[in-house]
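The values are calculated or read from the model by the stated rules, or taken from the named source; none is laboratory data. This one's a predicted model, so the numbers in the text were calculated from it and none came from an experiment. Areas reflect the complete protein model, heavy atoms only, side chains present, ligands, DNA and RNA absent. Shrake-Rupley method; radii C 1.70, N 1.55, O 1.52, S 1.80 Å.
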Amino acid sequence: MGDVVPFRKPAKKSPRKGMCQHGFHKWVVCKEKQFDVKQGKLVTVYRCERCGKQKVTAH
């Protein structure tokens, strides 16, 4: 009789994590909203190209 070779079960694949999940966003200036009415200040709105998250900085 031949030798029996044990086979391993394939490992479960973890879901892929992109750059944004690790904090490496691709920020682009969004020019649609430049003035915040509540604060009365000029603001710069940044939007991530990949995931759509927004970041706002007041001047």
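How high is the relative contact order of the chain, in percent, with contacts defined as C-alpha pairs under 8 Å that are six or more residues apart?
Reported relative contact order: 25 percent.
Determine, for the chain, the count of lysine pairs separated by eight or more sequence positions (or lying on different chains) whose alpha-carbon distance falls under 26 Å.
Taking the Cα cut-off of 26 Å, the pair count is 17.
Would you mind checking the radius of gyration and Dmax of the chain based on alpha-carbon positions, in Å?
In order Rg, Dmax, the Cα atoms of the chain give 23.9, 85 Å.
When all protein chains stay in place, what accessible area (Å², nearest 10, 1.4 Å probe) is found for Met19?
Accessible surface of Met19 is approximately 100 Å².
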